[in-house]
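**Student:** Below you will find the structure I want to go over with you.
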Amino acid sequence: MTMLKIAHVVRRFTFDEWGGTESVVWNTALQQCAMELEPEILATSALAVPGEELRQGIRIRRFPYWYPYFPMTAETRLALDKKGGNPFSPKLFQTLRSGGYSLIHIHCGGRLAVQCALTAKHLGIPSVISLHGGHAKVPQEEIQKMLAPTKGKFHYGGIMDRLMGLRKDAVAEASAVICLSHAEQSALQERLPNQRVVYLPNGVDCKVFQTKPTISPRTEWGIPSERRLMLCISRIDYQKNQAILLEALAKLPDTHLLLVGPITSQTYYEQLLQKAHGLNVTNRLTIIPGLPPDDPRLKAILHEAELFVLPSIHEPFGIVALEAWVAGLPVVAARVGGLPDFIVHERNGLLFNPQDAADLTVQITRLLTDDELRRKLVTNALEDVQEFSWANLGKRLVNLYQELLHA
């Protein structure tokens with residue numbers, strides 16, 4: 001195989017604030033290294049500092065950036081860093097233009113994505129965009145909440161976009177588009193009939209999560225041994241809909257809820273605490289605001305829990321459900337986005353309406369009371385998860401690269 005130098009461009013990349021996008025970018029790069037390609041990760045320095053690091057043979061570059069709003073307070077900047085930011089980063093694109101890359105893989109949206117696609121065209125190389133946050137199927141309410149930190153501020157980005165020729169659709173400009181759900185793929189193919197739109201799911205490292213750790217999360221966080229442990233790993237964010245779990249928890253007196261994930265919406269986090277107090281479940285709730293991906297306690301939590309719940313109102317894929325499968329946890333998930341593409345109700349998991357707390361409570365209760373159902377779901381999930389290995393998906397992705405390079 002001809003040596004390919006791949007630029008993976010992502011809005012932010014830090015091991016301290018880890019999410020699905022970071023997991024995909026990192027594991028994709030690792031797999032490409034194993035295939036003797038040359039991947040690099042280029043990001044803004046959001047939630048980090050500008051500079052370079054080399055980790056496991058992968059070069060990671062982070063560049064200065066700014067948001068085009070006035071006034072720009074530290075609080076607003078942090079909110080945009082965590083979610084929804086649409087920055088300018090000239091040095092990133094100077095490096096992209098001069099880096100000698102064979103292909104640009106875009107893992108972001110907004111003006112960064114547009115500039116990546118246009119840079120690739122200028123250089124005469126292909127570009128691929130992965131829609132980690134969705135595109136055609138993003139709820140309008142979520143978009144409005146992402147823009148909330150900029151309310152009342154002067155936005156001068158539109159002027160700069162017009163002057164720089166960035167008023168374009170990155171999805172339409174890219175050489176190929178990767179969707180994480182069949183619904184997203186169908187919607188985009190209908191809207192852009194001449195575009196190359198493919199479905200390529202996220203993956204999981206089966207070996208990492210199969211090994212059972214020796215540490216006890218119950219001891220570390222003071223969770224009584226007699227309580228049934230329900231787990232949700234996801235960003236603390238309105239999109240992830242953890243509030244509905246509190247409503248279910250109120251109906252499950254012998255159950256403890258463990259929420260693990262970085263806080264990307266401080267307002268929503270405070271609302272969760274208030275709701276827990278109002279429902280009188282504070283003593284059965286533990287919130288851990290994020291753990292690094294290599295933290296052994298993360299694996300220990302997956303093995304200690306009795307069930308995993310992902311209640312998102314919008315979820316392009318749901319990589320944490322695969323991690324729960326590998327750890328042998330039965331999964332209850334919202335019937336949204338890419339989740340029903342791989343979670344088959346009553347075969348390898350249970351699905352519910354994310355707007356219906358009663359439905360969620362019923363599905364959780366089934367898992368807590370029906371041992372035969374639990375065993376069946378776990379057995380089937382462990383069989384089904386094998387097709388989502390990073391090795392398999394990595395080969396499919398590189399095949400797409402090669403097709404674009406030889407088109």
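All of the numbers you see were taken from the coordinates with simple rules; none came from a lab. Predicted model, so just to flag it, every value in this text is computed and none were measured. A quick note on method: Cβ atoms are made from the backbone with ideal geometry, for glycine too, and the neighbour counts reach across all protein chains shown.
**Student:** If packing is taken as the average number of other Cβ atoms within 10 Å across a peptide's residues, how do 197-206, 289-298 rank, most packed first?
**Tutor:** 197-206, 289-298
**Student:** In addition: List the relative contact order of the range 206-388 as a percent without decimals, with contacts defined as Cα pairs under 8 Å and 6+ residues apart.
**Tutor:** 23
**Student:** Follow-up question, since we're still on this one. Hey, what number do you get for the chain at 222 nm if only DSSP H runs of n ≥ 4 count, each worth -39500 (n - 2.57), divided across all residues, to the nearest 500?
**Tutor:** Result for the chain: -12000 deg cm²/dmol, rounded to the nearest 500.
**Student:** Taking the Cα centre of the chain as the origin and placing charges on Cβ (Lys, Arg +1; Asp, Glu -1), which of F13, I313, A183 is farthest toward the positive end of the dipole?
**Tutor:** F13
**Student:** Here's something else I'd like to know. Size of the dipole of the range 206-388 about the Cα centre, Lys and Arg at +1 and Asp and Glu at -1 on the beta carbon, nothing else charged, in debye to 20?
**Tutor:** 280
**Student:** Measure nothing fancy, just the Cα-based angle from helix 266-278's long axis to the longest principal axis of the chain, in degrees from 0 to 90, nearest 10.
**Tutor:** 10
**Student:** Sorted by packing (mean other beta-carbon atoms within 10 Å per residue), highest first, where do 255-268, 164-177 land?
**Tutor:** Ranked from most to least packed, the peptides come out as 255-268, 164-177.
**Student:** With unit charges on the beta carbons (Lys and Arg positive, Asp and Glu negative) and the dipole taken about the Cα centre of the range 227-351, which residue among Q271, L231, V336 sits farthest to the positive side?
**Tutor:** Final value for the positive-end residue is Q271.
**Student:** So, by mean Cβ neighbours within 10 angstrom, what's the order for 330-338, 223-231 with the highest one leading?
**Tutor:** Averaged packing, sorted descending, gives the order 330-338, 223-231.
**Student:** Size of the dipole of the chain about the Cα centre, Lys and Arg at +1 and Asp and Glu at -1 on the beta carbon, nothing else charged, in debye to 20?
**Tutor:** 1020
**Student:** Go through G203, S45, I215 and say which Cα lies farthest out towards the positive end of the charge dipole of the chain; charges sit on Cβ, +1 for Lys and Arg, -1 for Asp and Glu.
**Tutor:** After comparing all options, I get S45.
**Student:** Next question, about the same structure. Going by the alpha-carbon gyration tensor, a ≥ b ≥ c the square roots of its eigenvalues, is the range 143-187 rounded (a/c under 1.5) or, if a/c is not under 1.5, prolate (a/b greater than b/c) versus oblate?
**Tutor:** Taking the square roots of the gyration eigenvalues as a ≥ b ≥ c, the range 143-187 is oblate.
**Student:** Quick one: dipole size for the range 306-363, taken about the Cα centre, charges +1 on Lys/Arg Cβ and -1 on Asp/Glu Cβ, in debye to the nearest 20.
**Tutor:** Dipole about the Cα centre, nearest 20: 60 debye.
**Student:** Tell me, what is the Rg over Rh of the chain, with Rh the Kirkwood radius over Cα pairs?
**Tutor:** The Rg/Rh ratio comes out at 0.96.
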